[in-house]
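Take a look at the structure below.
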Amino acid sequence: MTTGDALVAEAQRFAADLTATVQAVVGGHVEAFGARALHRQGLDHVSVRQEPRTGIPLTVDGAPLLNLTAEYYCVWDSPGQYLAVDESAVKVYAGAKAAGEPLFRYEYLRAATGDVPGAHVQIHGHRDALTFVMTRAGVGSPRGQRLAGRVAQGAAVPQMSDLHFPVGGSRFRPSLEDVLDMLVRELGVDHEKGWREALAAGRERWRRMQIRAVVRDAPGEAVAALQQLGYEVRLPDGLSAPQDNYSRLHEL
C-alpha cells in the first residue's frame, strides 16, 4: 500500500465513524460520508464529506428546520504517522437546504496565520449593540482597526460574522458530536432513540485521539502525570527525551 493509499484508508475510517454517528443521532436517511484523494498545495490531501453534498437535513416535529454540513480535508501529521485534519468547516443553515448564509459555523485551519485563530466559531447574525462596539474597536486590535477603518471610509457596517471566537485551538476544539448535541438539546431537533449513546461514543473516540496528539505535543507533561500516578517511565538507551511542541502549546 502506498503512502497515499494509506492516507485514504485512514480517512475512510474517519468518514465511516462520522456516518455512523450522524445516522445514529438523526436517522439512517442521511447520506454517507466518503473519502476522496486530492492534491492541494503540493501535498496529498483527502477530502471527507458527503457524496452527494446534500448536507444533513434536520427536522423538528417532522417539519424541516435546519441543514447541517460538515467537510474535512485530511493529511498526515508532521511525523507522517497519524491522520490529521488540515481544514474543517461545520455549518448550520436555516431551512431544508444548505443555501445562502449559514446561521453559524465552526471552522478550523491547522496552519492558521495572521489574526484569525485556527479553531473558531462565527455567528452570522445582526445585533446593533455588538455592531456599535465593533465600529469603535480599540487600537490594540488590528482586525478591529481594519473594520473600523472600512466603516469610516463608507463601507458597510461590520456584522457579527466578522468576529472569530476561539474554541480550544488545534487539540481542544469542538467535534461534530458537540454541534449535534447542541442542536438536539437547544433547538429540539428530531433524533433517534439512542442519540445520547451515539454522541458519547463518537465524542470519546475524538477525545482519545486528541489525547494522543496532546501527549505528542507535550511528552514531558505526559511523563510527569504518569509518574504522579505511580508509573515508571524510562527512555530506551541512547535516546534523548523528546521536546515539547511549543507552536502547538501556544496556538489559539
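Structure summary
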read-out: Global geometry of the chain, whether rounded, prolate or oblate, following the gyration tensor of its Cα atoms and the 1.5 cut on a/c; value: oblate
read-out: Residues Gln243 and Glu186, FRET efficiency given R0 of 41 Å [Cβ-Cβ distance, rounded to 0.05]; value: 0.45
read-out: Kyte-Doolittle at least 0.5, axis length at least 24 Å by Cα - qualifying DSSP helices, the chain; value: 3-26
read-out: Size of electric dipole in the chain: Cβ of Lys, Arg +1 and of Asp, Glu -1, about Cα centre, debye, nearest 20; value: 460
read-out: Theoretical gain in end-to-end length, Thr59 to Asp44 [0.36 nm per residue, Cα-Cα removed]; value: 1.7 nm
read-out: The stretch 172-251-the stretch 11-70 distance, computed between alpha-carbon centres (Å); value: 22
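A short reminder: the numbers here are calculations on the coordinates, not readings from a lab. The model shown is predicted, which means the values in this text are computed figures rather than measured ones. Positions of Cβ are generated from backbone atoms using ideal geometry, with glycine treated the same way; all protein chains shown enter the neighbour counts.
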